[in-house]
Structure formats: C-alpha cells, structure tokens
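Before any comments, here is the structure.
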Amino acid sequence: MRIDASGKQCPIPVIMAKKELEAGAQDVEIVVDGQTQVDNLARLGDALGRAAESEAFGDKFLVKFANGETKVGTNVSVADTYAVFFNTNAIGTNNSELGGNLAKMAIFTLSESDRVPSYVLFMNEGVKLVTGVEPQIVENLNTLIEKGTKVLVCGTCLNFYGLKDELKVGTVSNMYDILGAMQEVSKVIKL
C-alpha cells in the first residue's frame, strides 16, 4: 500500500501512516517531501514495532515500514511522570531579560534534579531556547538527555522562525509527537 503524503505538513503524514499501520496493513509505504517527515515516520515505526527505512524517490522520499504485528496502546499513562513545556523563550511576561534568565535557570535546575522529566517540549518561541544562543541551555539539555529525558522541538516552529539549521539540541518533531508526549505522562508543567 502506497500513501501519497506529498505536500502535507507534519503531523499529517504520521497520522496517515499510523492509521494504516494500526489497522494491520502490510507493505506500507509513504511518499513525503523532506527529511523531517522521514525522521518523524521513523520514530513512529520504532514506537509501533514496525521499523522504517527510507530512500530517495525523485525529489521526495519513500518511507517503507517493516511488515509484522503493530504494537498498539504504547502511550499508556504512567503515574509520577511529567513533561515540561516551553511555548516561549522566557518565563513570565514582564521583562524578557529576566524571563530568559529564569528559563535558563529552570532548565539548569531540571538537569541537576534526581527526578528528571520524561520530556522537555519546545513550541512557538520556545524553540529559540535550543538554538545555542545560551550555550548553558544546550549543555543542560544534553545532561537531561543523558539522564533519559527526551527533548522534542517543533519543526514547524523552527521553520517559521527561520531556525531549522540553528538547532543545537533535541529532536525535530511535530504536533502529533508533542501532544502524544503530553498524553503519555501524568502531568505537564508549562513554563
């Protein structure tokens, strides 16, 4: 089965593929425009136990999922897990310098904690925090990753702000994965 997701922005290709994979379809292939969609589909394949491979397909990419049984119900809520969500590059609204320093200190504090979040999520202006403007933030997020935290960064937001090539830490992701991460944990802390 070949799905044409050309011209579709994330997370639409992920949702299209997930629907077919969870329905038990075999020989699933999907045509997408760029590497970001390929990466997002590979993560979907890993999560569902159906590894994905990609190849050039003209000026697009063809992603092929392995045949087999699809794992469903993988996003089970686990007590005592949490995610931290940054939708701005500062905490608070009064003073951007103060807010930026508070965001930097929040990430540092998380990296020093014994109880790290399952996810740190960045959307909207929050994606500016992962571009290396503040090297300490990148260092502290890498510490969190080493401790098992997943750092997901909205690819649409990076593109909107012209920062796609500036990402220094984290995984370029999409709305589907970010909302899935929020659903997976027992609480989301918005900073």
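The values are calculated or read from the model by the stated rules, or taken from the named source; none is laboratory data. A quick note: this is a predicted structure, and the numbers were derived from the prediction, not measured. Backbone-built Cβ (ideal geometry, glycine too); neighbour counts: all protein chains shown. Accessible surface areas use protein heavy atoms only, side chains included; no ligands, DNA or RNA. Shrake-Rupley method; radii C 1.70, N 1.55, O 1.52, S 1.80 Å.
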Item checked: Debye-sum result for the chain in log10 I(q)/I(0), which assumes one identical scatterer on each alpha carbon, at q = 0.18, 0.19 Å⁻¹ -> -1.18, -1.26
Checklist line | Computed helical MRE - 222 nm, the chain, DSSP H runs ≥ 4 contributing -39500 (n - 2.57), nearest 500 | finding: -11500 deg cm²/dmol
Checklist line | Proximal lysines relative to Lys64, as straight alpha-carbon distance under 20 Å, when same-chain residues fewer than 8 apart are discounted | finding: Lys8, Lys18, Lys19
Notebook entry, point to check: Considering only Cα-Cα distances, which of the following residue pairs are longer than 23 Å: Lys71/Lys164; Lys150/Lys187; Lys104/Lys147?
Noted result: Lys71/Lys164
Check: GNM, the chain, Cα, under 10 Å: largest mean-square fluctuation among Phe108, Phe61, Phe160?
Finding: Phe160
Check: R0 = 25 Å: FRET efficiency of Phe108 with Gln183, Cβ-based, nearest 0.05?
Finding: 0.35
Item checked: Whole-angstrom gap from the range 19-73 to the range 114-191, using each part's C-alpha centre -> 23 Å
Checklist line | Under 5 Å, built H, 5+ apart or other chain: amide partners of Ile3 | finding: Glu29, Ile30, Val31
Check: Long-range amide H contacts for Ser173: which residues qualify at under 5 Å (H placed 1.01 Å from N, peptide plane, sequence gap of 5 or more or a different chain)?
Finding: Val153, Cys154, Gly155
Next item on the list: Quick one, can you get me the convex hull of the C-alpha atoms of the range 1-113 expressed as volume per residue in Å³?
Entry: 156 Å³
Next item on the list: Tell me which residues come under 5 Å, amide H to amide H, from Ile189 once H is placed; ignore anything under 5 positions away on its chain.
Entry: Ala83, Val84, Phe85
Checklist line | Whole-Hz ³J(HN,Hα) from phi, Karplus 6.51 cos²θ - 1.76 cosθ + 1.60, for the range 161-174, glycine and proline x | finding: 8, x, 10, 3, 8, 9, 4, 10, 7, x, 10, 5, 9, 8
Checklist line | Rounded to the nearest 10 Å², the accessible area of Asp46 at probe 1.4 Å | finding: 100 Å²
